[in-house]
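Here is the structure we will look at.
The values are calculated or read from the model by the stated rules, or taken from the named source; none is laboratory data. None of these values were measured; they are calculated from a predicted model. Glycine gets a Cβ as well: all are built from the backbone with ideal geometry, and neighbour counts include every protein chain shown. What goes into the accessible areas is simple: the full protein's heavy atoms, side chains included, and nothing from ligands, DNA or RNA. Shrake-Rupley method; radii C 1.70, N 1.55, O 1.52, S 1.80 Å.
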Amino acid sequence: MKRIASGIFLLLLLVSFESINAQTLSASAKRKVTVGVDVFTDIWFNTPGNVQIRTVNPSANTFVTYNFAIGEKKTTTVAIGLGIGNHNMYSNNGMIQSIKADTITYVPTGTGLKMTKTKLSVTYLEVPLELKFRDKKGFKISVGFKLGYLLDSKEKYVGNTYVNGPKQIIKRKGISQLNTFAYSPTFRIGYKSFNLFFSYQLGTVFRVGHGPQLHPMSLGITLTPF
């Protein structure tokens, strides 16, 4: 949730920045640069059958793109930029057995343990490429593709580690057998600063044959202060 909170805080800063600079930034400059935040839930495919994965998995992205207008009307643009993308998968009763194993496997927590949750989190440096259409009234639609490079990975466990033991928070970083790159088509549709957001990661999070063949599909909203 700290990452989600950070994304929301960044959004508030962006909104404040836009209100302060509304008079100083020209309409032309605003059309050339887009700054936004995606807030969404990840729906995971091919999850381990021996543990329970939560239905709602809050995640967030942030991005900035530069827009190149096509044609005289400038209603169509091609955008390219940089962003940070995060995907989370929560479990109510399972965790990775060993994050450094040759094959990553999920196992149920031990009998009698009071587990609150575990969270698998992967973070990517992303390069988004989009084709955008926007009419004069502010209706927008965009289709795109983004390439992600793995920056960070970790598992967070919340619960006790032995029967009747105290509640603990354990973080394990640097999960093995993750694919270095992620490839995802994207789609947005909305009005002015508010958009519905969709993406689907084509490649698996873990290497084929070395972990669960997870694919996140992301559904949520995109907010673009400018």
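A few points about this structure:
- Filtered by the rule that a residue be open to solvent by less than 60 Å² (accessible area, probe 1.4 Å), hydrophobic (A, V, I, L, M, F, W, C) and more than 23 Å from residue 135 (Cβ to Cβ), segment 46-94 gives 51, 53, 60, 89.
- Whichever residue in segment 159-183 is of a type in the set (A, V, I, L, M) and modelled with pLDDT under 95 and, among such residues, is farthest from residue 63 (Cα to Cα): 163
Conditions tested, residue by residue: (1) charged (D, E, K, R); (2) closer than 21 Å to residue 44 by Cα; (3) touching a helix residue (DSSP H, G or I) at 6+ places or on another chain (Cβ under 9 Å); (4) in a strand (DSSP E or B).
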| position | (1), (2), (3), (4) |
| --- | --- |
| 119 | yes, yes, no, yes |
| 124 | no, yes, no, yes |
| 137 | yes, no, no, no |
| 170 | no, no, no, yes |
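- Annotation note: of 204, 222, the sole residue that is open to solvent by less than 50 Å² (accessible area, probe 1.4 Å), under 17 Å from residue 134 (Cβ atoms), touching a strand residue (DSSP E or B) at 6+ places or on another chain (Cβ under 7 Å) and at pLDDT 95 or above is 222.
- Residue check for residue 102: at pLDDT 95 or above and either touching a strand residue (DSSP E or B) at 6+ places or on another chain (Cβ under 7 Å) or open to solvent by 30 Å² or more (accessible area, probe 1.4 Å) (or both): yes
- Test: residue in segment 13-32 that is of a type outside the set (A, V, I, L, M), open to solvent by 20 Å² or more (accessible area, probe 1.4 Å) and at pLDDT 95 or above: no
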